[in-house]
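The values are calculated or read from the model by the stated rules, or taken from the named source; none is laboratory data. In this text the structure is predicted, and so the values were computed from the model without any measurement. Quick reminder, even Gly has a Cβ in these numbers, built from the backbone with ideal geometry, and neighbours come from all protein chains shown.
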Amino acid sequence: MKLSKRGLNTAAYVVFIALILAAPLVFDVFWLNRLSKYLVFGMLGAAIALSWGYAGVLNLGQGLFFGLGAYAIAMSLKLASATSLAQGSDTPIPDFMLWNAEPGAPTELCCITQGSFLWIPFQHTWFGILMGIVLPVVVALALGLIMFRKRISGVFISIITLAVVLLVRLLIVQAQPLTNGFNGLTDLGYLTVLGLEFDPYMPQTYYLIAISLALVLIGTRMLVETRSGLILQAIRDDDRRARFLGFDVPRYQAFFFCVSAAISGYAGMLYVMASEFASPTFMDLSFSITMVVWAAVGGRNSVLGACIGALLINMIEATVSETPALMEAWRVVIGLAFVFAVLFLPRGLAGLAMSLRDWLVARSAAEPRSLAEPAPAEERS
Amino acid sequence: MPSTLIGADPASAALTLDGLTVDFAGFRAVDTVSTVIESGELRVLLGANGAGKTTLMDLVSGKTRPTTGRVFLGDIEITGLEEHRIAQAGLGRKFQIPSVFRDLSVRRNLEVASCRNPGVFANLRLGFSLAQTRRVEEILAVVGLESKQEVEAGSLSHGETQWLELGMLMAQDPKVILLDEPTAGMTEAETMKTAAIIKAMRGRHTIVVVEHDMAFVREIASRITVMHLGRILAEGPIAEIETNPDVRAAYLGSKGIQ
Ligand SMILES: Nc1ncnc2c1ncn2[C@@H]1O[C@H](COP(=O)(O)OP(=O)(O)O)[C@@H](O)[C@H]1O
Ligand SMILES: [Mg+2]
């Protein structure tokens, strides 16, 4: 049988999506809930691959977009929780606002604490969901246009994004009366859409996340195949050449930066549904760096590879973490895996898979006749 | 049209430089350069190292803003526009150090260059038109990279990289093309092949080329402009330039044109 690269790439996606959709047949609810969180991390891996691998923009603050998405929906779900409705006022109000309120302050979102009116529109769940995408995209657009118009690149982008995520984290922690500071938003209600309740331990939540991941993977893969996706990769390789061909480079970079932010914001929302909390730890530097490690190990030039990298690392970690001694060793292993991937396996695990794919294609092509063609360029998958 | 160049026929001028000057902290790398390049012309720019040839191309293509002076592409003024706007107006440029998209295949490089519409939203679609594909194939044949079309551009030899970049300019299809030392570092055989490629581009584009190799210049040139210390020293057909005493003194030394 003749094999083609495209065929094998498609097969990899089909197999992966089939596996995640079939997981509920094998796992119990506890594991399914865990797995759904890892799928969310896989989505983050894909977002990193898009910006790091395809755009050449190493964002060390991806957690900012994830966190904004998480907080946006968590605000809505907080107001939808039973405790928020039982604070003795006609309209819902988060319990922590009462704990932090000045004596005698009215128990109303309008004026219980300074800025609490910002919560008012989040009483509508659709607003929280909308903001979960809009906020990360607006922030990414502003940040992206400034950075890319000023032709900032490489390590300077990493430093700026890193600084911004730490700044926003600080603001959230500082605004304790408004955000519950370090403790984050807990005790949330379930998201309910058209009477369907997304309890994190019910299969519908798992399926929502698994199907979302499948769509994000397919969508991202198709996006990088478009002309714009090709031009983006061209800009990554040589932005000056692209500019002199007539492309408005900052627009391309900013557009894909926003797409990556939107995916991350969406992932943040799904994570809140699976874990029932939002916390400033989402904007910890270590979390954003961990995402980069997933993509490096899985393969930053591959949307699916980076996603699988995130899944694999988290699954191994979950297994290992049951033994405390192993957990310490695991941190070292992860560090070494990152260094190894950067030094010796720049295409990550996906690179190995692509070599295998190319070997299979070459072998199947060689069957009738000997191959006299030059080595083909690696395509990305 | 620029006042200093009355007499030039605006209908046939492809590129007009009018008193182009740039000051780098007091140092005039390009000093009041004025010239008209006719539509369809192939102009060679000669000059010793440091004469200001690359800087002149930077001024025309938008990499550097001129201190004074103006640039017209046809009858559109492009002075001081951003690089991509100038490119969209119909100017293509090849750099002295070849630059291609290293991680994309040779074919992809040409396809990217052939995307006429520059907008990110307009390009959110899959595949290329039949006309584009056909043109890419023609170009692959002209630059002789058909057998390497699926190879990553980063793994091409130096000569092949230069030819790919020429091919990308053909795919971009601008009215005016600036080539900065396209044969630098090439073997004699490669130089001759490059001359053939540039000749093939000639009918379709107006070309300005910086070149030192006199065999190459004799092979392709119609008119020559000689630059010295940022100024135009002489301009004319090759026979005239070769016998010009100023040129001999300033640029060619005692040896004359080889
Ligand atoms: N950005 C710059 N700042 C200062 N001096 C420059 C700059 N660019 C070029 N020069 C100077 O301008 C002169 C002309 O350089 P260049 O145009 O590269 O010459 P050519 O291409 O003819 O060899 C050189 O002396 C160079 O050092
Ligand atoms: Mg030069």
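Observations on the structure shown:
- Subset of region A:100-119 [assigned to a helix (DSSP H, G or I) and hydroxyl-bearing (Ser, Thr, Tyr)]: A:116
- Just one of the listed residues (B:40, B:92, B:80, B:74) is modelled with pLDDT under 95, under 30 Å from residue B:146 (Cβ atoms) and away from ligand 1 (no atom under 13 Å from the Cβ), and it is B:40.
- Per the conditions (1) within 14 Å of another protein chain (Cβ to nearest Cβ); (2) among the aliphatic types (A, V, I, L, M); (3) part of a loop (DSSP other than H, G, I, E, B), the sole criterion not satisfied by residue A:188 is (1).
- Evaluation of residue B:102 against (1) at pLDDT 95 or above; (2) under 30 Å from residue A:302 (Cβ atoms); (3) crowded, with 20+ Cβ neighbours inside 10 Å; (4) not hydrophobic (A, V, I, L, M, F, W, C) (one fails), failing number: (3)
- Taken over region A:33-56, residues that are surrounded by fewer than 23 Cβ atoms within 10 Å (Cβ to Cβ) and farther than 17 Å from residue A:309 by Cα amount to 2.
- The helices (runs of 4 or more DSSP H) located wholly in region A:246-323 that include 1 or more residues which are more than 25 Å from residue A:139 (Cβ to Cβ) occupy A:285-298, A:303-320.
- Residue within region B:197-208 that is modelled with pLDDT of 95 or more, within 21 Å of residue B:96 (Cα to Cα), out of contact with any Cys (no Cβ under 8 Å at 6 or more places or on another chain) and within 16 Å of ligand 1 (Cβ to nearest atom) present: yes
- Out of A:217, A:185, A:213, A:191, sole residue that is buried (at least 19 other Cβ atoms within 10 Å of the Cβ), under 25 Å from residue A:260 (Cβ atoms) and in contact with an Asp or Glu (Cβ under 8 Å, 6 or more places away or on another chain): A:191
- Scoring residue B:158 on the criteria (1) within 16 Å of ligand 2 (Cβ to nearest atom); (2) farther than 23 Å from residue A:232 by Cα leaves a single failure, condition (1).
- Check on residue B:226, closer than 29 Å to residue B:85 by Cα, within 16 Å of ligand 2 (Cβ to nearest atom) and either surrounded by 22 or more Cβ atoms within 10 Å (Cβ to Cβ) or not aliphatic (A, V, I, L, M) (or both): yes
- Flag if residue A:116 is modelled with pLDDT under 95 and among the polar types (S, T, N, Q): yes
- Residue check, residue B:56 buried (at least 22 other Cβ atoms within 10 Å of the Cβ), over 12 Å from residue B:19 (Cα atoms) and either more than 14 Å from every other protein chain (Cβ to nearest Cβ) or within 12 Å of ligand 1 (Cβ to nearest atom) (or both): no
- Being assigned to a helix (DSSP H, G or I), touching a residue at least 60 places away in the same chain (Cβ under 8 Å) and among the aliphatic types (A, V, I, L, M) is a property that does not hold for residue A:142.
- Just one of the listed residues (B:102, B:108) is within 10 Å of another protein chain (Cβ to nearest Cβ), touching a Gly at 6+ places or on another chain (Cβ under 7 Å) and more than 16 Å from ligand 2 (Cβ to nearest atom), and it is B:102.
- Number of residues in region B:111-133 that are small (Gly, Ala, Ser) and either touching a Phe, Trp or Tyr at 6+ places or on another chain (Cβ under 6 Å) or facing chain A (nearest Cβ under 7 Å) (or both) equals 1.
- Test: residue in region A:207-214 that is within 14 Å of another protein chain (Cβ to nearest Cβ) and modelled with pLDDT of 95 or more: no
- Of all the numbered requirements in (1) within 25 Å of residue B:200 (Cβ to Cβ); (2) facing another protein chain (nearest Cβ under 9 Å); (3) surrounded by 18 or more Cβ atoms within 10 Å (Cβ to Cβ); (4) out of contact with any strand residue (DSSP E or B) (no Cβ under 6 Å at 6 or more places or on another chain), residue B:139 misses one, and that requirement is (2).
- Within region A:238-254, residues that are farther than 18 Å from residue B:124 by Cβ and more than 7 Å from chain B (Cβ to nearest Cβ) reach partners that are assigned to a helix (DSSP H, G or I) and at pLDDT 95 or above with beta carbons closer than 8 Å, at six or more positions or on different chains, in the pairs A:239/A:249.
- Residue tally, condition more than 11 Å from chain A (Cβ to nearest Cβ) and within 16 Å of ligand 1 (Cβ to nearest atom), over region B:157-182: 4
- When we screen A:74, A:80, A:105 for residues that are surrounded by 24 or more Cβ atoms within 10 Å (Cβ to Cβ) and of a type in the set (A, V, I, L, M, F, W, C), the only hit is A:74.
- Exclusive hit being under 21 Å from residue A:241 (Cα atoms), over 14 Å from the mean Cα position of the chain (by Cα), surrounded by fewer than 21 Cβ atoms within 10 Å (Cβ to Cβ) and more than 14 Å from every other protein chain (Cβ to nearest Cβ), set B:203, B:185, B:154: B:185
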